[in-house]
Amino acid sequence: MDEILQYVVENNILHAKWLNTLSFLENVGARKISACEQANSVDLIQLKHAAEEHRHAYYLKKQISKVDVLACPFYEAKDLLAARETFHYLNGLDLKCARFLKKEFDLSGDALKYASYLFVTYAIEVRADALYPAYQDVLTRNQSKVMVRSIIVEEEGHLEEMIQQLEKFHPNWKEYADKVVEMETELNENWFSAISKEVLEVITEQIS
């Protein structure tokens, strides 16, 4: 990962697309959290989490101007890295997790939506706690104007909050959460592999 992120940060076009890709995923995550809300029983943590994910999407989008003022105005496929895998990433995790939870807990409707929100969000926060610090390390090493430290702090808080909610959901939550993390890991590996391939193709073309 470090090598690919180094290539990304060194190349303004790739870096803009990377930021846009992260912004897209944060925005999708925020919208999915909101879609799981039950009209009369939305708690403070869920509102806070959706709001902060939207802010992360905005913050990352705004960071693009530090790389290229005119780059990536929208979330079009041409402005994302590994667009197909990026579009599929969270939707794929949602589907896999919902099927798993429906089978394990015999849930449906709003109850299934809420359980999926808890477990999917947990898995994504585990990923964020690995991805953003790795990215920040590369940014720091390259003395980039782009920074994601504020996101790192909030994502750490999100993970703690999700653990607290999952502990209320089921005493053996970790057993089930680990299964969902396995699902996310497979999707993440496919996603980052596609990004790596695309990045290396761009670098190779520039060299030749």
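Throughout, read-outs are computed from the coordinates displayed, never taken from laboratory work. What you see is a predicted model; the values in this text were computed from it and never measured. FYI the Cβ positions are ideal-geometry reconstructions off the backbone, even for glycines, and counts take in every protein chain you see.
Using only Cα atoms and rounding to the nearest 10 degrees, what angle (0 to 90) does helix 149-169 make with the longest principal axis of the chain?
So the inclination is approximately 20 degrees.
Tell me, what ³J(HN,Hα) does each residue in the stretch 104-120 have, in order and in whole Hz, if you take phi through Karplus 6.51 cos²θ - 1.76 cosθ + 1.60 with θ = phi - 60° and put x for Gly and Pro?
Here the 3J(HN,Hα) series is 6, 10, 6, 9, 7, x, 4, 5, 5, 4, 5, 4, 4, 4, 4, 6, 5 Hz.
Add -39500 (n - 2.57) for each DSSP H run of 4 or more in the chain, then divide by its residues: what number comes out at 222 nm, to the nearest 500 deg cm²/dmol?
One gets -28000 deg cm²/dmol as the mean residue ellipticity at 222 nm.
Can you put LEU81, LEU44, LEU200, LEU107 in order, fewest other beta carbons within 10 Å first?
Fewest-to-most Cβ neighbours within 10 Å comes out as LEU44, LEU200, LEU107, LEU81.
Run through the stretch 49-80 and list the trypsin sites (Lys or Arg not before Pro) located in a DSSP loop whose Cβ has at most 11 other Cβ atoms within 10 Å.
Passing both the DSSP loop test and the Cβ count: no residue.
Just flag the chymotrypsin sites (Phe, Trp or Tyr not before Pro) in the stretch 138-182 sitting in loop per DSSP whose Cβ has no more than 14 other Cβ atoms within 10 Å.
Passing sites in the stretch 138-182 do not exist.
Using +1 on the beta carbon of Lys and Arg, -1 on that of Asp and Glu, and nothing else charged, what's the dipole of the chain about the Cα centre, debye to 20?
For this selection, approximately 520 debye.
For LYS103, which lysines qualify as cross-link partners when the Cα separation must be under 18 Å and same-chain residues fewer than eight apart are set aside?
Leaving aside lysines fewer than 8 places away in the same chain, those within reach of LYS103 are LYS113, LYS174, LYS179.
Could you tell me which GluC sites (Glu not before Pro) in the stretch 1-91 are loop residues by DSSP with no more than 15 other beta carbons within 10 angstrom of their beta carbon?
When the GluC sites (Glu not before Pro) of the stretch 1-91 are filtered for loop state and at most 15 Cβ neighbours within 10 Å, GLU76 remain.
Which aspartates and glutamates have a Cα less than 13 Å from the Cα of LYS102, not counting those fewer than 8 places away in the same chain?
Output for LYS102: ASP94, ASP110.
Over what distance in Å are the Cα centres of the stretch 129-170 and the stretch 18-34 separated?
The stretch 129-170 and the stretch 18-34 have Cα centres spaced 14 Å from each other.
What list do you get for TRP18, TRP191 if you sort them by fewest beta carbons within 10 Å?
TRP191, TRP18
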